[in-house]
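Have a look at the structure below before the remarks.
Just so it is clear, none of the values below were taken in a lab; they were calculated from the coordinates. Remember, predicted model here, so these are calculated numbers, not experimental data. Note: ideal-geometry Cβ built from the backbone for every residue, glycine included; neighbour counts use all protein chains shown.
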Amino acid sequence: MTHKFWLLGLVLGLNFHMVHAGNLLNKEDLIGSWVSTYQDRFGNLVIADDLSAQWFHKSGSKAILASFDDIQFFDDLMIITFPKEINPTLNKMVLGGWKNIEEKKIFGTLYMYLSKSRMITGTPISLRKE
């Protein structure tokens, strides 16, 4: 009897997962304002029509900018490099995302470097479209 309930739960769980599955974001989906899903731990990311980016850290400090030339796309991944000249650390975001009829989300990792060859940390990022 226990196996029947377990099997029923598995089938219903898979069905729920399939109903809410998302499609990969395209470049046009990325444009706009994104807010942290970690209780404002990360801050905001704004991606402009020209695919340049601005990162507003939670500390309220000045926006860190990345031009279109600082952004690369590999398949469904977006890599944003915020140049060291405008910030004490070199920051790179590696992001991917999905969408469904209810929402859009991007997630990935923020890597921080002291120099191009010296990484100091990486932290998870999760953002939802505002």
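Here the 3J(HN,Hα) profile of the range 64-70, calculated from phi with Karplus coefficients 6.51, -1.76 and 1.60 at θ = phi - 60°, is 9, 9, 9, 7, 4, 5, 8 Hz, Gly and Pro shown as x. In this rough spin-label picture, where each label sits 7 Å from Cα along the Cβ direction, the Gln54-Asn100 distance is 3.2 nm.
Once the Kirkwood radius over Cα pairs is known for the range 22-129, the Stokes-Einstein relation at 37 °C and 0.692 mPa s delivers a diffusion coefficient of 235 µm²/s. With 0.36 nm allotted per residue and the present C-alpha distance subtracted, the Ile120-Tyr38 stretch has 27.4 nm of extension available.
Among Leu51, Leu95, Leu24, rank each residue by its count of other Cβ atoms within 10 Å, from fewest to most, as a rough exposure measure. Please list the in-between numbers first.
Numbers: Leu51 18, Leu95 22, Leu24 12.
Fewest-to-most Cβ neighbours within 10 Å comes out as Leu24, Leu51, Leu95.
Its convex hull of Cα atoms gives the range 88-130 a direction-averaged projected area, equal to a quarter of the hull surface, of 3.5 nm².
Quote the relative contact order of the range 22-129 in percent (integer), defining contacts as alpha-carbon pairs under 8 Å separated by 6+ residues. Rounded, it is 22 percent for the range 22-129.
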